[in-house]
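Asks: Okay, here's the structure, questions in a sec.
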Amino acid sequence: MKVLVFGGAGYIGSHVCKYLAKHGHEITVFDNLSTGHAEAVCWGNLVQQDILNPEAIVDCFRQHGPFDLVMHFCAKSLVGESVTSPEIYYRNNVVGTLNILDAMLATAHQRIIFSSTAAVYGNPQQSLIDERHPRLPINPYGQSKKMVEVMLLDYANAHGLDSVSLRYFNACGADPEADIGESHQPETHLIPNVLKSLVNPTNNVLKIFGDQYPTADGTCIRDYIHVNDLAQAHLLAGEFLFNHSGAFAFNLGNGSGFSVMDVVKAASQVTGREIDYQIEAPRAGDPPILVANAHQAQQQLGWKAQYTSLEAIIETAWRWHQNENF
Ligand code: UDP
């Protein structure tokens, strides 16, 4: 397949590109490098442009296409920032995606895989969340992703545009070869912050946000899913669109929950090091428990996560963080 990957220089996008290339697919990356890394574009050519520039998108489709499939990872994704600067989120995530969809229509491209998130669900009404759980986001980031899902359904009905929205739970880990990995500035995610506190303890004291949640050890429970398992799901979702028409959505998670303290303990075991931390106030908008029911992705896409233990996931992340080179 020829695949156009918007946001292919970012954390999840670059892992998907590597996975696609390994499976014999041809890739073009479209990325403005605002949060992505040129060093992570190793599996196809880079078109350094912005999704807020509609002509640049159309030009890319015309010059480098036609493509069999589009994947879209470009997004602002910091929940806190989305609360204080919602305009950034609605412009980049909603208007930017609208530009991509319109460029697809203008150039007769029909299939797109969209990076969605468990944040579309808002506060969970049950601890195992399936795709029918109400979508009631509690911050502009989640709202912006939900708006795109709504647009995709409308574009399917009006224009026959076929899509899969993949709702990630907690993406984590790195490719085992450690040539790419998670590198955000600022870093807000738990596993990289735990490991950074070991690599560079003076500048990175680990903070645990809340220890009085209604969970066994008082810290939040999440569903951690390895980035290469996400990559596999993207290829399967792309193949699925060659036999299915419409707008689809699937959860991507392991279906098991681990607390923040479980992560700290597993990281200590993997690295053989003691991990210092301090307890801080809870972060605004963090639900106590968020775990996926991902049966639909397993049944309909044939997806099966390979990394099911925290230790296996953290081991790959640790390899990356010890030699992080961008
Ligand atoms: N967390 C933490 N310290 C950190 C980063 C995260 O205690 O430095 C907690 C956070 O409050 C949440 C869990 O770890 O309960 C997972 O947070 P992360 O930002 O990795 O993902 P989220 O679930 O917010 O998407």
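The values are calculated or read from the model by the stated rules, or taken from the named source; none is laboratory data. Quick caveat, the model's predicted, so the values are computed rather than measured. Because the Cβ atoms are built from the backbone with ideal geometry, glycine has one as well, and the counts that use them run over all protein chains shown.
Asks: Please work out which residue is surrounded by the fewest Cβ atoms within 10 Å (Cβ to Cβ), limiting yourself to the stretch 306-326 and to residues that are touching a Leu at 6+ places or on another chain (Cβ under 8 Å) and of a type in the set (A, V, I, L, M). Write out each step before concluding.
Replies: So in the stretch 306-326, the residues touching a Leu at 6+ places or on another chain (Cβ under 8 Å) come out as 314, 317-318, 321.
Those left that are additionally of a type in the set (A, V, I, L, M): 314, 317.
Details: ILE314: 26, ALA317: 24.
Applying the filter and picking the extreme gives ALA317.
Asks: Also: Can you give me the number of residues within the stretch 105-129 that are farther than 18 Å from PHE240 by Cβ and not hydroxyl-bearing (Ser, Thr, Tyr)?
Replies: 13
Asks: Can you tell me how many residues within the stretch 1-56 are in a helix (DSSP H, G or I), out of contact with any Gly (no Cβ under 8 Å at 6 or more places or on another chain) and under 25 Å from GLY173 (Cβ atoms)?
Replies: Residues of the stretch 1-56 that are in a helix (DSSP H, G or I), as a first pass: 11-22, 38-40, 54-56.
Within this subset, residues satisfying the condition of being out of contact with any Gly (no Cβ under 8 Å at 6 or more places or on another chain) are 12, 15, 18-20, 22, 38-39, 54-56.
Adding the requirement that they be under 25 Å from GLY173 (Cβ atoms) leaves 12, 15, 18-20, 22, 38-39.
Residues meeting the conditions: 8.
Asks: List the residue pairs whose Cβ atoms are under 9 Å apart, where the first residue sits in the stretch 193-209 and is modelled with pLDDT under 95, the second is within 7 Å of the ligand (Cβ to nearest atom) and assigned to a helix (DSSP H, G or I), and the two are 6 or more positions apart or on different chains.
Replies: Filtered contacts from the stretch 193-209: ASN204/ASN193.
Asks: So, one more: Looking only at the stretch 74-90, count every residue that is surrounded by fewer than 16 Cβ atoms within 10 Å (Cβ to Cβ), small (Gly, Ala, Ser) and within 16 Å of the ligand (Cβ to nearest atom) and tell me the total.
Replies: Within the stretch 74-90, residues that are surrounded by fewer than 16 Cβ atoms within 10 Å (Cβ to Cβ), small (Gly, Ala, Ser) and within 16 Å of the ligand (Cβ to nearest atom) number 1.
Asks: Taking only pairs six or more apart or across chains, which ones have beta-carbon atoms under 8 Å, a first residue in the stretch 175-187 that is assigned to a loop (DSSP other than H, G, I, E, B), and a second residue that is of a type in the set (A, V, I, L, M) and within 14 Å of the ligand (Cβ to nearest atom)?
Replies: Note: pairs meeting the criteria are ASP175/VAL227; GLY181/ALA317; GLU182/ILE191; GLU182/VAL227; GLU182/ALA317.
Asks: Turning to a different aspect of this structure: Scan the stretch 256-269 and tell me whether some residue there is among the hydroxyl-bearing types (Ser, Thr, Tyr) and either within 9 Å of the ligand (Cβ to nearest atom) or over 29 Å from TRP303 (Cβ atoms) (or both).
Replies: yes
Asks: For the stretch 259-282, check the following and say yes or no: at least one residue is more than 29 Å from HIS244 (Cα to Cα), at pLDDT below 95 and surrounded by fewer than 14 Cβ atoms within 10 Å (Cβ to Cβ).
Replies: No; the residues of the stretch 259-282 include none that is more than 29 Å from HIS244 (Cα to Cα), at pLDDT below 95 and surrounded by fewer than 14 Cβ atoms within 10 Å (Cβ to Cβ).
A quick yes/no check of all residues on (1) more than 23 Å from GLU81 (Cβ to Cβ); (2) surrounded by fewer than 17 Cβ atoms within 10 Å (Cβ to Cβ); (3) modelled with pLDDT under 95:
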| residue | (1), (2), (3) |
| --- | --- |
| ASN92 | no, no, no |
| GLN110 | yes, no, no |
| ILE113 | yes, no, no |
| GLN125 | yes, yes, yes |
| VAL148 | no, no, no |
| ALA171 | no, no, no |
| GLU187 | no, yes, yes |
